[in-house]
Structure formats: structure tokens, C-alpha cells
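Here is the structure we will look at.
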Amino acid sequence: MKVTIQPSEIKGTIQAPASKSSMQRGCAASLLYLGTTIIRNPGHSNDDKAALGVIKDLGAKVETLADGSLKIAGIGGVNPESGAVSCGESGLGIRMFTPIVSMSNKQITINGEGSLVTRPMDFFDTVLPQLGVQIVSREGKLPLQVKGPLQPKNITIDGSLSSQFLTGLLMAYAASNAKDVTITVDNLKSKPYIDLTLNVMKQFGWQVENRNYEAFHWKAADPNAPAVSAAPPPTITYTVEGDWSGAAFLLVTGAIAGNITVKGLDVQSTQADRAVLQALQSCGAKLSIQAEQIEVGPAALKAFQFDATECPDLFPPLVALASYCKGTTVIQGVGRLAHKESDRGVTLQEEFGKMGVEIELQDDLMLIKGGNGLKGAAVHSHHDHRIAMACAVAALKATGETEISEAQAINKSYPDFYEHIQQLGAVVNKA
């Protein structure tokens, strides 16, 4: 699909999309909970749909209620209904669900699509055999074949590539009733996402001791603990947060193109991409942060410095923002971008270069020379949802129209994005 964006005047109020980080974790926890979960404000991105497909294949029963909420009957573990599951193109999905699938004593093939089949998964080749899991991969890539059951043990893992591997292990250990074991983590990145995982686990009754993000410890069994009640477990109501990753594009839209109000975001959220507010403040955007909404609008924007090591998904919207900031913006954390849906550092440099923005990559730094005006151009998403959205946002104040090829890439995380910016006044045409 091709989408053209015309220079547009933006104003109005919009609801933030549902967080796929929150939604997918809620799906996994609902499967592993022996009882009923009601998921409110569920997402419907491709990644969300893939997570629902996985938990159905692993034994959960999913029902859509009249108000759009989901009712999920969990089984307290996994009971695969077939010999394969697919995580679609979800990086979180594959990394989180692989340890969970490995709880089964059946051999299961874990598949993915698109760029996911080229992304490195050799983490599992190293770690899962230490936990009693047999694994076969395609030289560290999908598909993976695993056969458990996973047995929680003391292990040390590398946390530098992605926190998502740890998320899956934490959930699998908890659901496997881990006792007196520790996961030690070296050089953990994206700590806020682990906070999100721990918050979800707490809501479902799973406790683990976080030792300064360097170790996660499950206590030994207490011989004096009272017997577990035979009463049915309570129904858990889990509300999916508004998505700071997707909303970052809306907030930048306001800073560039017009006064808008974004609702549905928790300003106390543990989501790493809440840090977009720091960048908006640093560049001088008009910003009002309230409990129920965030108001943002354009001003005389100036270059800023930002460390995105813990929140690499902010690179695309922040590049769009920096393009309109006078001076050279410096963003740190480029090393986190190589294994996304595209090699995002290079992709941003290439596509924004077509719009007249000079971007330099220097080791772990990205330098964006902004404030010189953008021109409409024919750009390509590289099948990367965040590249498509970044180009669309940047196009709103460019000279002339911008045409985005493979624009449907947004469906991975934010399928309503084009409709939402249209509601705010953007002139968007699809072909």
C-alpha cells in the first residue's frame, strides 16, 4: 500500500492506542494464570493478534465480550494443541513466548514471519539447554524447535541485546513455581520494560525479588506456609495501558504541526518510551502534562541531546522531531537499532536524507542536522512500522507531498495511525 501525506494543519484531541508491550504481557500472564482474566482496552495490532493466537495454541480459551474486552480462561501452564505456534513478526512475542512454550514436554516448533526470521535468537541456543530444554535452531535463527519441560535453575544471562529474553524467563520461572533459584543478568538494557514485566507479574500473584536489575531471585519454599486454598482463584481484571511508543508519534505531531491533546496515557507508567516527554521539554515544544491528558503544540524548536539506550523505539519519532529543531541534535544508543524490523539507524539516515535531512552515524551516536526545512519525497518504510510513522509525521510540515511505499507496515503496532492523524486534520490518501 502507498500512502501520500500532504502538508497539513493539525489540531484536536485523540486517544492514545493500546500498548502492545502491555497487551502481549497480559496475554502471556492470562495463559499462565490458573483462572479467568478479563483484559480491558485490548489492542488489535498484528503483534497483539499474534500473541492471542499463541496463547490459544497453548491451551487458553479466548472470548470477546460485548464491550470489546477479552475473557481469557488460563490453564496455569501450557498444553499445546498442535506441534507449532507462530509469533508473527513480533520481537517481544518470540522472545517472551519461547521460554513459556519450553515449559511443555512436547516438541513444539516456533515460527515467525517477515524480518523476524533474520533476527538473532542464538540466546536461546545457549540458555535453554541449561534449563533442561532441547532446542534446535537454524544457526541461531527461526524456526526454533523446543522440547521441555523447562526446569528453573541458577543461570547467568547476557542482558545487553534485549530485555525481552529476560521477560520470557521471568514469566516461565514464575509459572513453573521456581523456588530458591536466581537469574543473574549482566549488562541489562531497557530496564523500564522489566519494570513493566514485574508489575504485570505482581498483578497475577507472582513475586520475584529484583536485586538492582543484576539478579532476580525466587525464595525457597516456606515449610510453615499455610496450605493453598482449594477455593477457585479470583477473576483478575487487567487493563492494557495506553501506548507511549505509538503516542510518541502523536506527541511529536503536535510539536511539529499544531496544538493537540492526547488522552489515555499514564504519566506514571513504567513504559520506557514515556521519556519522549523529556525530549519534548528539551527542544522547547509547548507542553502541558496533566493527569488525564497531555497538551502539546509547536514553538521555536531547538536542537537537543537525548540518550535513547533504554528506549531505542523512540529513535524514529525523535528523528522526525529533530528534523524541525534548529541546530544539531545528538541521540545516543544507535547500537540498539541494528536488529529491529530494519537496521533503523541506516534506514532513518536513508529515508530522511530523501527529505533533505542530513543524519550522521558516529559509533553509538546519531547526529541530526535540523531546522533547514523538509521537502516532500518518495520514501519507503523498509517494512518497518516505526519508519512509516516517522516519515508520515515529518511530512506534515514538509514542502510538497510525501509518498510512503509499503505504508501498511504500521499494522504491526498501530493500525489506526493514519486514521488518527486524519482525525487531527492530516491530509492522507491511500492507494
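Leaving out ligands and nucleic acids, note down the accessible area per residue over segment 206-261 with a 1.4 angstrom probe, in whole Å².
Numbers: 2770 Å² over 56 residues.
On a per-residue basis, segment 206-261 sits at 49 Å².
With all protein chains present, calculate the accessible area of I236 using a 1.4 Å probe and round the result to the nearest 10 Å².
Counting only protein heavy atoms, the figure is 20 Å².
Just want to confirm a number: the relative contact order over the chain, from Cα pairs under 8 angstrom separated by 6+ residues, in percent.
Numbers: 1015 pairs, mean separation 85.9, N = 431.
It rounds to 20 percent for the chain.
Normalise the Cα radius of gyration of segment 284-383 by 2.2 N^0.38 Å (N = residues in it) and let me know the number.
Values: Rg = 13.9 Å, N = 100, 2.2 N^0.38 = 12.7 Å.
In units of the 2.2 N^0.38 Å rule of thumb, it is 1.10.
Which cross-chain or sequence-distant (5 or more) residues have an amide H under 5 Å from the amide H of V427, H modelled 1.01 Å from N in plane?
Q6
Assigning unit charges at the beta carbon (Lys, Arg +1; Asp, Glu -1) and nothing else, what dipole magnitude in debye, to the nearest 20, does the chain show about its Cα centre? Walk me through the intermediate numbers first.
Numbers: 37 positive and 42 negative charges, 77 e Å.
Its charge dipole is roughly 380 debye.
Which value in nm describes the separation of the simple spin-label points at N177 and L365, placed 7 Å from the Cα toward the beta carbon?
The answer from the label model is 5.5 nm.
For Q422 and A299, FRET efficiency with R0 = 22 Å and r from the beta-carbon atoms, rounded to 0.05?
Working: r = 24 Å, r/R0 = 1.11.
That gives a FRET efficiency of 0.35.
Sort D307, D384 by heavy-atom solvent-accessible area, probe 1.4 angstrom, most to least.
D307, D384
If we count every other residue with Cβ under 13 angstrom of A299's Cβ, Lys/Arg +1 and Asp/Glu -1, where does the sum land?
Numbers: positive: K286, K302, K326; negative: E295.
That works out to +2.
Figure the gain on full extension for Q130 and Q332 (residue separation times 0.36 nm, minus the Cα-Cα span) and round it to one decimal in nm. Walk me through the intermediate numbers first.
Values: separation 202, 0.36 × 202 = 72.72 nm, distance 3.45 nm.
Between Q130 and Q332, full extension yields an extra 69.3 nm.
Using a 1.4 angstrom probe and counting only protein chains, how large is the accessible area of K375 in Å², to 10?
Using a 1.4 Å probe on the heavy atoms, I get roughly 110 Å².
Show the residues, 5+ positions off or on another chain, whose built amide H is closer than 5 Å to the amide H of Q15.
K263
Per residue of segment 76-84, in order, report the coupling 6.51 cos²θ - 1.76 cosθ + 1.60 (Karplus, θ = phi - 60°) as ³J(HN,Hα) in whole Hz, putting x for Gly and Pro.
x, x, 9, 9, x, 8, 8, x, 8
So how far apart, in nm, are the two label points at K375 and Q281 if each is 7 Å from Cα heading toward Cβ?
Here the answer is 3.8 nm between the modelled labels.
Taking only protein heavy atoms and a 1.4 Å probe, what accessible area per residue, in Å², does segment 88-187 have with all protein chains in place? Before the final figure, lay out the partial values.
Values: 3570 Å² over 100 residues.
In whole numbers, segment 88-187 has 36 Å² accessible per residue.
Quick one, what does Rg over Rh come out to for segment 67-182 if you take C-alpha atoms and the Kirkwood Rh?
On the way: Rg = 13.9 Å, Rh = 14.5 Å.
Taking Rg over the Kirkwood Rh, I get 0.96.
Modelling each spin label as a point 7 Å along the Cα-to-Cβ direction, I'd like the D343/H217 distance in nm, to one decimal.
Between D343 and H217, the simple spin-label model gives 4.3 nm.
Averaged per residue, what accessible surface does segment 275-431 expose to a 1.4 Å probe, in Å²?
Numbers: 5750 Å² over 157 residues.
Computed with neighbouring chains in place, this is 37 Å² per residue.
Just the number, please: percent antiparallel of the DSSP beta bridges in the chain, rounded to the nearest 5. Let's see the in-between values first.
Values: 49 of 72 bridges.
Close to 70 percent.
Quantify, in whole percent, the carbon and sulfur part of the accessible surface of the chain (1.4 Å probe; protein heavy atoms only). Each step should come with its number before you reach the end.
Values: 7760 of 16540 Å².
Carbon plus sulfur share of accessible area: 47 percent.
Is there a quick way to get the dipole size of segment 315-424? I mean about its Cα centre, with the Cβ of Lys and Arg at +1 and of Asp and Glu at -1; what is the value in debye to the nearest 20? Mind dumping the intermediate values first?
Values: 10 positive and 14 negative charges, 60 e Å.
It works out to roughly 280 debye.
Assuming R0 = 30 Å, what is the FRET efficiency of N154 and K263, from their Cβ-Cβ distance, to the nearest 0.05? The partial results should precede the final answer.
On the way: r = 45 Å, r/R0 = 1.51.
Efficiency, rounded to the nearest 0.05: 0.10.
Run the helix sum for the chain: -39,500 (n - 2.57) per DSSP H stretch of 4+ residues, divided by residue count, reported at 222 nm to the nearest 500 deg cm²/dmol.
Values: 12 runs with 127 residues, N = 431.
Taken over the chain, the calculation gives -9000 deg cm²/dmol.
What aspartates and glutamates could a cross-link reach from K153, if we take a straight Cα to Cα line under 19 Å and drop same-chain neighbours fewer than 8 places away?
D125, D180, D186, E209, E214, D222
Counting Lys and Arg as +1 and Asp and Glu as -1, each charge on the Cβ, what is the dipole of segment 49-111 about the Cα centre in debye, to the nearest 20?
Values: 6 positive and 5 negative charges, 22 e Å.
That gives a dipole near 100 debye.
Could you give the longest part of the chain that holds none of the GluC sites (Glu not before Pro) found in DSSP loops with at most 14 neighbouring Cβ atoms within 10 Å? Show your work: numbers first, answer last.
Working: sites that count: E9, E81, E113, E139, E214, E292.
Formally, the longest exposed-site-free interval is 293-431.
Over segment 1-82, calculate the relative contact order: mean separation of alpha carbon pairs under 8 Å at least 6 apart, over the residue count, as a percent. Provide the component values of the computation, followed by the final result.
Numbers: 114 pairs, mean separation 27.5, N = 82.
This gives 33 percent for segment 1-82.
Using modelled backbone amide H atoms (1.01 Å from N, in-plane), which distant-in-sequence or interchain residues come within less than 5 Å of E89's amide H?
Amide H neighbours of E89: E113.
May I ask you to derive the FRET efficiency for K11 and A431 from their Cβ-Cβ distance with R0 = 30 Å, giving the value to the nearest 0.05? Write down the numbers at each step before the final one.
Working: r = 26 Å, r/R0 = 0.88.
Rounded to the nearest 0.05, the efficiency is 0.70.
Listed here are the pairs K11/K340; K326/K375; K49/K340; K2/K354; which of them are more than 23 Å apart at the Cα?
Numbers: K11/K340 32 Å; K326/K375 16 Å; K49/K340 19 Å; K2/K354 17 Å.
Checking Cα-Cα distances, K11/K340 exceed 23 Å.
What are the ³J(HN,Hα) couplings of segment 68-74, residue after residue, when phi is run through the Karplus curve with 6.51, -1.76, 1.60 and θ = phi - 60°? Round to Hz, x for glycine and proline.
x, 5, 10, 10, 10, 9, x
The values are calculated or read from the model by the stated rules, or taken from the named source; none is laboratory data. Just so we're clear, the structure is a prediction, and the values are computed from it rather than from any experiment. Please note: Cβ atoms are built from the backbone with ideal geometry, for glycine as well, and neighbour counts cover all protein chains shown. Just so you know, the surface numbers come from the protein's heavy atoms only, side chains and all, with ligands and any DNA or RNA stripped out. Shrake-Rupley method; radii C 1.70, N 1.55, O 1.52, S 1.80 Å.
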